[in-house]
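A.B. asks: Structure provided below as structure tokens; questions to follow.
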Amino acid sequence: MTDERTQRPESSQLQMDMTDSPKEQMQQAQAMQPQMAESVVCPHCGASNDPDVVFCISCGASLRMSTCPNCGSEIDPDADFCEVCHHYVRHDVCSFCGAPLSSQDAFCPECGSPRGGIVCPTCHTLNDFAFCKQCGSPLTDEARQMVRQLKLQPDYQELVQLAREYNELSMQLPYASERDQVRDMASQQLRERVLKLLAQDEGVANPVIPVPEKKRIMKADLDAKKEDTLAKLSELLNRMAAPPNPSPAKVRNYAMAQKPMGVRLAWVCNWKHAMHSSPCGCAKPQLGGQWVILGRGTKQEIKDDK
């Protein structure tokens, strides 16, 4: 037979536990689960991670932040560019070609570019990268060589041609109405008649009057042509998207070399899916990205516009 006196302390302790306040019970629960309280939440995907983990177990993003040496803002440890103050922050890697640098190197031993940047000879902008962030001009021998190589590729040639066609369509003046079209046709007929009379006065019996190469069309037809050209441009840009590369400089140079002129573009990075005016404004272009065509009223969405 069990002695009842041996059960009293346990019964008494149980009674004390049951009489604890909710606040005390919560404190006890927190004390029993210290690891849960110290878990680190990923700022990119929201997953919980152990406190000693460096990279998120869910998305792989870094959980440790560095500090920009120029403005003091928090930046990703893998970033080489501060998106707050727009300064290159790596002192051990050449921003123009991605080669390693020592603290004594005033010029890159690989590409010869100066550590302090290059002034664009076209628009006089100071640049930290191989292509001018303002006008897109190649600033290094490697950048110019990359442009020459891309010009030989069929996709790039088609891209340039489509960009030229879109630029020409954008400069055309369409007919606002059918009445406007009738007036223009009357003007063309009058032009042909005057030129024929002038040619006949000079002794030409059957003058041939040249027809204008570009004829005006209705606004709806012009808009349809522009949309079709933009769709083809977008398809090409998607096909030529900058692939991921361990070197941020290589991705920036590739993307800038393929940028077509005459079309308003933005560069969308794979890191934050943010819209930049170019990969020169992205902190981690090594994750890849692509050019996208901008419509009207989207300038405020570009992340690195000042």
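A.B. asks: So for the pair Ser39, Asp155, with labels modelled 7 Å out along Cα→Cβ, what separation do we get in nm?
C.D. replies: A separation of 4.2 nm, rounded to one decimal place.
A.B. asks: Just need log10 I(q)/I(0) for the range 131-205 at q = 0.12, 0.18, 0.20 Å⁻¹, Debye formula, equal scatterers on the alpha-carbon atoms, no solvent, rounded to two decimals.
C.D. replies: -0.68, -0.87, -0.98
A.B. asks: A further question on this structure: Express in whole angstrom the spacing between the alpha-carbon centres of the range 239-297 and the range 79-103.
C.D. replies: Cα centroid to Cα centroid, the span is 18 Å.
A.B. asks: Could you tell me what % of all Cα pairs in the range 185-306 have separations over 21 Å?
C.D. replies: That tail contains 57 percent of the Cα-Cα pairs.
A.B. asks: Let me ask another. Can you pull the percent of the range 138-199's accessible area that's carbon plus sulfur, 1.4 Å probe, other chains left in place?
C.D. replies: The computed percentage sits at 53.
A.B. asks: Another question, if that's okay. Throw me the Rg/Rh for the range 172-216, computed over C-alpha atoms with Kirkwood Rh, two decimals.
C.D. replies: 1.10
A.B. asks: Contour minus end-to-end for His87 and Lys225, with contour as 0.36 nm per residue of separation and end-to-end as the Cα-Cα distance?
C.D. replies: My answer for the length gained is 45.6 nm.
A.B. asks: At 1.4 Å probe size, with every protein chain present, just tell me what the per residue accessible area of the range 114-176 comes to in Å².
C.D. replies: Computed with neighbouring chains in place, this is 59 Å² per residue.
A.B. asks: For the pair Met171 and Arg193, how long in nm is the line joining their label points, each one 7 Å along Cα→Cβ?
C.D. replies: Each label point lies 7 Å from its Cα, and together they span 3.2 nm.
A.B. asks: Something else: Quick one: length gained pulling Ala99 to Asn238 fully straight, 0.36 nm per residue minus the C-alpha distance?
C.D. replies: 47.2 nm is the gain from fully extending Ala99 to Asn238.
A.B. asks: Considering amide H positions built from the backbone, and no H for Pro or chain starts, which residues 5 or more places from Thr67, or on another chain, come under 5 Å of its amide H?
C.D. replies: For Thr67, whose amide H was placed from the backbone, the distant partners under 5 Å are Ile75.
A.B. asks: Now, a different point. When 1/r is averaged over all different Cα pairs and the result inverted, which Kirkwood radius in Å belongs to the range 74-116?
C.D. replies: 10.9 Å
The values are calculated or read from the model by the stated rules, or taken from the named source; none is laboratory data. All values derive from a computational prediction rather than experimental measurement. With ideal geometry, Cβ positions are generated from the backbone for all residues, glycine too; neighbour counts draw on all protein chains shown. Surface areas here come from the heavy atoms of the whole protein model, side chains and all, with no ligands, DNA or RNA. Shrake-Rupley method; radii C 1.70, N 1.55, O 1.52, S 1.80 Å.
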